[in-house]
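A quick write-up on the structure given underneath.
The values are calculated or read from the model by the stated rules, or taken from the named source; none is laboratory data. Just so we're clear, the structure is a prediction, and the values are computed from it rather than from any experiment. Glycine gets a Cβ as well: all are built from the backbone with ideal geometry, and neighbour counts include every protein chain shown. Heads up: the accessible areas ignore ligands, DNA and RNA and are worked out on the full protein's heavy atoms, side chains in. Shrake-Rupley method; radii C 1.70, N 1.55, O 1.52, S 1.80 Å.
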Amino acid sequence: MSKGLKLTDLLVTVIVAIIFGIIYKIWGPLYGVLSTFGLQVEQLIYGMWFIAATVAFLIIRKPGVALLAEVAAAHGEFIFGGEWGISTLLFGIGQGLAAELIFAVFRYKRFDLFVVCLAGIASGVASLGIDYFYGYINDLVLWNFLLMVIFRLLSSVMIAGMVGYTIVRALEKTGATSLVRPASMEDYKALE
Amino acid sequence: MLWEFSYKKTWLHKINPSFKLAIVFLLCIQVLFIHNLNFIINYMLAVLILYLFFTGHPSMRLLLISVPFIILFLTSSTSMIFFGKGEETWFEWGLIHVTEESFFRGIHIGVRGLIFAVLGVVFALTTRPVYLFYSLMQQLKLRPKYAYSFLAAVQLIPIMVEEMQNRRSALKVRGVQYRKGFSGFIDKFRLYSIPLLSQSIRRAHRLAVAMEAKSFQGAANRTFYYKMGFSWLDIVLLLYFIISISASYFLAIYFPYFPATDVRFG
């Protein structure tokens, strides 16, 4: 059996990513509305923009899926006319790589809530790194800067981590995920 | 979808899509390293010219597309204007502290966002995704299985929209009641997302099996229905950016609008 991604893996990843790309696009105006309140409350929904990587990885469970999903979702948001234009791709690559890195550290063998939340946080940190150049966030007054960082990482855990994990748990119950996952030890045992 | 509207073909449509994407992406990275407000304003004008005159789309549509960008300009700059670091105080009220430095920095971030948005829209309005992926396969040697996955996924979007409408009708027929407020949002999210995702996964799986049967995962030396190449217009685009960006830079140095030459603090 080949180790790389098969066409099935790719197609499922990309389609899931495109669905999230549409959500990413809808998230833009929502984020804009919340921004008018000030005090960084909009950061509390920022984590949605990391969810494609975690959900796709939990569905397919193979190397490279998280990065591909996040880039594809960003590309989707971009071609649907996302407000951040071309910079979306840059954020997508950064966030995807960060999530991928966490899954790689655990050798693509752990699919539990803890690792997923960690991947969300990594994506959050990557996005903050790009914002350091883009938005000069270190030039915000300290309390405001800290508020932003805390809110964004909190939403990374809540949305990309917990919501993503819950979605995939629900998907597992529908049986759709077993179509695309590599057979596990339990599957072989069930055959005996 | 943007690419299904009618439009006139301009020279921007004829540029090699991979080349255009590469230029736009490099410009995007360059813009991150511009800290001079005057330069970035001139830069925006250079990009805006392409948007206003060369996309081949009617002006009403261009106006409509630009509305969210203007809102984004306002919301992305205000946070920095109100809460940024600075010494020359202009206005203070409670937590809000507007200074000269934070004001210019806020405007700078807003303009930067506009450049990203306009570059992105110019690209999206003048590039058919099909051509982009064919070009990525031919010029940048993207593996065909990646490109065809994307193309297939884009084609599936209308089916997903239809499915969502079916779901809405089905839930209505069953008389589903949502809770009020945020919990209602969660109800809706759960009732829509899981069936849509699981159906999409199943459909993707079926489609992939069919595509594999047709050898779409593909050998390296395959033939292509669309042949993408380069033309002299690619050089025109390159020259346009080299000249306009250099001009923006020198105009910013000799004829600045604002005294702010570096918007970073300290």
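Structure values in brief
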item: Residue in region A:13-20 that is more than 9 Å from chain B (Cβ to nearest Cβ), crowded, with 22+ Cβ neighbours inside 10 Å, modelled with pLDDT of 90 or more and part of a helix (DSSP H, G or I) present; result: yes
item: Number of positions in region A:33-61 that are under 21 Å from B:Leu95 (Cα atoms), facing another protein chain (nearest Cβ under 8 Å) and either among the aliphatic types (A, V, I, L, M) or in contact with an Asp or Glu (Cβ under 8 Å, 6 or more places away or on another chain) (or both); result: 2
item: In region A:97-108, the residues that are surrounded by 22 or more Cβ atoms within 10 Å (Cβ to Cβ) and among the charged types (D, E, K, R); result: A:Glu100
item: Any hit, region A:109-130, residues being open to solvent by 50 Å² or more (accessible area, probe 1.4 Å) and either in contact with a Cys (Cβ under 7 Å, 6 or more places away or on another chain) or within 14 Å of chain B (Cβ to nearest Cβ) (or both); result: no
item: Scope region B:62-98; condition among the polar types (S, T, N, Q) and either under 21 Å from the mean Cα position of the chain (by Cα) or surrounded by fewer than 22 Cβ atoms within 10 Å (Cβ to Cβ) (or both); matching residues; result: B:Ser66, B:Thr75, B:Ser76, B:Ser77, B:Thr78, B:Thr89
item: First in region B:45-57 and closer than 13 Å to B:Tyr240 by Cβ, second anywhere and part of a helix (DSSP H, G or I) and of a type in the set (Gly, Ala, Ser), Cβ under 6 Å, 6 or more apart; result: B:Ala46/B:Ser244; B:Ala46/B:Ser248
item: Any pair with Cβ under 6 angstrom, 6 or more apart, that starts in region B:85-100 at a residue that is within 12 Å of another protein chain (Cβ to nearest Cβ) and ends at one that is part of a strand (DSSP E or B); result: B:Gly86/B:Thr99; B:Val98/B:Trp90; B:Val98/B:Phe91; B:Thr99/B:Thr89
item: In region B:234-266, the residues that are over 27 Å from B:Ser135 (Cα atoms) and charged (D, E, K, R); result: B:Asp262, B:Arg264
item: Residues (more than 11 Å from every other protein chain (Cβ to nearest Cβ) and over 18 Å from the mean Cα position of the chain (by Cα)) located in region B:17-44; result: B:Asn36, B:Leu37, B:Asn38, B:Phe39, B:Ile40, B:Ile41, B:Asn42
item: The one condition in (1) open to solvent by less than 60 Å² (accessible area, probe 1.4 Å); (2) without any contact (Cβ under 8 Å) to a residue 24 or more places away in the chain; (3) in the same structural domain as B:Ile29 (by TED's automatic domain parsing) that B:Phe189 fails to fulfil; result: (3)
item: Verdict on A:Leu154 being among the aliphatic types (A, V, I, L, M), open to solvent by 30 Å² or more (accessible area, probe 1.4 Å) and farther than 30 Å from B:Pro195 by Cβ; result: no
item: Enumerated helices (runs of 4 or more DSSP H) restricted to region A:78-192, each holding at least 1 residues that are closer than 26 Å to B:Ala208 by Cα and of a type in the set (A, V, I, L, M, F, W, C); result: A:87-105, A:164-174, A:185-191
item: Subset of region B:210-232 [in a loop (DSSP other than H, G, I, E, B) and hydrophobic (A, V, I, L, M, F, W, C)]; result: B:Phe216, B:Ala219, B:Ala220, B:Phe224, B:Met228, B:Phe230
